[in-house]
1. Residues being in contact with a Leu (Cβ under 9 Å, 6 or more places away or on another chain), more than 21 Å from T579 (Cα to Cα) and not in a helix (DSSP H, G or I): count how many of those fall in the range 602-644.
2. Given the criteria on the phi < 0 side of the Ramachandran plot, surrounded by fewer than 22 Cβ atoms within 10 Å (Cβ to Cβ), at pLDDT below 95 and aliphatic (A, V, I, L, M), does L688 qualify?
3. Scan the range 148-196 for residues that are outside any strand (DSSP E or B) and of a type in the set (F, W, Y) and jot them down.
4. Which one is nearest to G220 (Cα to Cα), of the residues in the range 165-186 that are surrounded by fewer than 17 Cβ atoms within 10 Å (Cβ to Cβ) and not small (G, A, S)?
5. The conditions are (1) within 17 Å of Y585 (Cβ to Cβ); (2) touching an Asp or Glu at 6+ places or on another chain (Cβ under 8 Å); (3) not hydroxyl-bearing (S, T, Y), and E614 fails exactly one of them. Which is it?
6. Exactly one of these conditions fails for D530: (1) surrounded by fewer than 17 Cβ atoms within 10 Å (Cβ to Cβ); (2) out of contact with any helix residue (DSSP H, G or I) (no Cβ under 6 Å at 6 or more places or on another chain). Give me its number.
7. Which pairs turn up if I take residues in the range 709-720 that are surrounded by fewer than 20 Cβ atoms within 10 Å (Cβ to Cβ) and look for partners that are assigned to a loop (DSSP other than H, G, I, E, B) and β-branched (V, I, T) with beta carbon separation below 6 Å, at least 6 apart in sequence or on another chain?
Amino acid sequence: MGEIFGRRPPRRRVVVLLALALLTAVAAVLLLRRSPVTLAPRPGWAGTEQAGWIAGIVSAVFSLVGTVAAVQALRTTRAAERPPAGGTRTIRVGRIPQPASWFQDRRARLDLARAARAGRTAVLTQVLSGMGGVGKTQLAAQFARRLADSGELDLLVWATAISRDAIIAAYAQAARELRVVDPTADPDQAAAALLTWCEQTDRRWLVVLDNLDVPADAAGWWPPANRNGRTIVTTRRRDAVLGAEDRTLVEVGLFTGEEAVGYLTRAVADPARLAEAGQLAADLGHLPLAVAQAAAFIRDRGLDCAGYRRMLLDRRRRLDDLVPQPDALPDDHRATVAATWSLSIDAADAAVPVGLARPLLELAALLDPNGVPTGLFATPAALAHLATARAVGEGARVQAEDVTRALHNLHRLSLVTHDPHGSSLRVHALVQRATRDRLTDAQLVAAVRVAAAALLRLWPATEVEPPLSQAFRANAAALRDHVGDLLLRAGCHEVLFRLYESLGESGLVRAAFDGLAEVVADCLRLHGPDHLETLRFRNQRAFWQGRTGDAAGAADAFAELLTDCLRVVGPDDPLTLTTRHNVAYWRGEAGDVAGAVEATAQLLTDRLRLHGPEHPHTLNTRGSLAWLRAEAGDRAGAVTALRALLADCQRVLGLEHKTTLSARNGLAWQLGAAGEHTAAIAETRVLLDDYIRLLGVDHPQTLNARRNLAWWRGKAGDPAGAAAALAGLVDDCLRVLGPDHPLTGMVVESLAYWRGKPRRTADG
């Protein structure tokens, strides 16, 4: 590994000084013997020179004596530092954990070694911080063991820093081993003496404070700075005090995918049992502790990785049922994966504001591990739930600032990762699962209802920011995945309607349809075919079936649904009327335009009877009828009807209502289809500006308006301009909607069309 501490002065210097003194004395004697022969006699010389020789000899002898005395003094002053009889072995205090089986040579260990070798620029105190189970102790133990075994340490102190007394006891024992205090010295006095020794010595030392999860326990007992010494601390905490000026806070993360698979490969050993090892590592969130305990469970039960994955993905199984029993844990593990975080949760919940951290974590455990919008916890439903669920001060009102402080407590103890300046937090999937496992049925139902209500409260009605919409979809999908049927049993259907509506509108049409097919199957199993929510989900599923390109299948599905709606809820129910609208629309899309016109005209009559002429549904049905008449060949009549409809929409609903915007879009298109290309371009350009302002540049309706504008430019005689506009639009559609969205396909087809067309006149 190479020496990492400053080199102490070699003891050979003392030997050299002693040898020089001896040589000086010998030279004086030789000079005395040679002088009568080589020097000419002078009167009075003999006595004078002889006295000089004698003085030289005496001086040499005194020099020799002084040197010996200095050596003796040096030995005396270092007597306390001398290792016990038997050699120069490292003095070890405390028990270093045994090496983990199949230890992975992780990047974090390399970072420690690089910092340690940095000479005068080395960081002398490193604080390894991370959530329980990431392997902080094993990294510190490996580092300490390598230094000691390679002869680079004179003193190694391993203190399990679970309390102030434990730290002092380890220090006191080290002081006694070094003989810097009397064996009967008071522990505090002995510990203080050790720190003094660490500050002044030129011998090489390493102090490890393992599991310092209460930083206050080390106040006043941090080892001093000395270039001959190093301090390593492991902790779950991330408090600012741990990263003081002379300390470096090192975040210890999870295994990389390669490291996790490497561990499983070595631990399971049998290649025939390693299928899906990479997927299993991902399912375990690459958490070293979980990977180790899963591997032990696989070996003990004769399983393979694929079989263990199936068990892990079964929501009915508790996490504790998927690891070895506490008395059979591998590598001296002190707790199961699930129990590893219990002390941290208790500590976070006990911090001010008391009793909020645990129920906050319980809510976060139901949502997306990769990013929970923190605003969810400040919604009225969440604040009321937290006030009821907190362990103390029941009934006390909870404020948004209380939530912020409680989230910080969870972050400090590495249970979540939360940037106070950010808008989301992350929490490991296994922490989530362990938290859910400990909820009673009543607690789980209450938390599910709160999470669903919070999502609906904050979910934007008009989705103009794709990343934000994706975050809400991910959290709603995670909620469904985590609790399964409970979301439907608890009456939280609306969040699922919103999820699949958002998926479809964002361009993920196939995902919306597939997800709704599963929900319909669940509703049929749980509620039966005549339950209102079953009928509503069937309506939504049939719509997105049509959007996938299966217009005929959608028309048939809506026709079947209409029969059931008429029987279950009656002819005038809003769901029945909506289903009639969809039957007509998809019949038209499937090619039966005449039938669609007739069905829509009948629906308009009933809308007028039930809702009146100014209701948004009535106005929307008028727009559908005008469009269908245009498809049937009456373009001029459609334009006239749409102009009248637009005037009514603007008067009744306003300029920015979605029905008004839809009427404007329909009118602009029909103008172009009727040959009024210049008017179509003008109308579409203004509409596009409004879409960008109201919905954003990446909204599907904005992208569709860009496609329409380019199309009418081509029809007006500018095929090159149309192709250029569509080329840029293809890139944006691929980025926002993906290659499978119908609009992407339409844009690609339009681009190919106009690239193959020569420039024409406006009447071409």
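The values are calculated or read from the model by the stated rules, or taken from the named source; none is laboratory data. This structure is a prediction, so every number in the text was calculated from the model and none was measured. No Cβ is skipped: glycine too gets one built from the backbone with ideal geometry, and neighbour counts run over all protein chains shown.
1. The total comes to 0.
2. Considered against the rule, which asks whether it is on the phi < 0 side of the Ramachandran plot, surrounded by fewer than 22 Cβ atoms within 10 Å (Cβ to Cβ), at pLDDT below 95 and aliphatic (A, V, I, L, M), L688 comes out as no.
3. Y171
4. D165
5. Against the list (1) within 17 Å of Y585 (Cβ to Cβ); (2) touching an Asp or Glu at 6+ places or on another chain (Cβ under 8 Å); (3) not hydroxyl-bearing (S, T, Y), E614 comes up short only on (1).
6. In the conditions (1) surrounded by fewer than 17 Cβ atoms within 10 Å (Cβ to Cβ); (2) out of contact with any helix residue (DSSP H, G or I) (no Cβ under 6 Å at 6 or more places or on another chain), D530 misses (2) alone.
7. From the range 709-720, the pairs are G717/T761.
Listed here are the residues, each with its yes/no results for (1) in contact (Cβ under 8 Å) with a residue 12 or more places away in the chain; (2) assigned to a helix (DSSP H, G or I); (3) under 27 Å from L242 (Cα atoms); (4) in the same structural domain as D346 (by TED's automatic domain parsing).
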{"position": "L367", "(1), (2), (3), (4)": "yes, no, no, yes"}
{"position": "N370", "(1), (2), (3), (4)": "yes, no, yes, yes"}
{"position": "F377", "(1), (2), (3), (4)": "yes, yes, no, yes"}
{"position": "A382", "(1), (2), (3), (4)": "yes, yes, no, yes"}
{"position": "R405", "(1), (2), (3), (4)": "yes, yes, yes, yes"}
{"position": "L410", "(1), (2), (3), (4)": "yes, yes, yes, yes"}
{"position": "L415", "(1), (2), (3), (4)": "yes, no, yes, yes"}
{"position": "P420", "(1), (2), (3), (4)": "yes, no, yes, yes"}
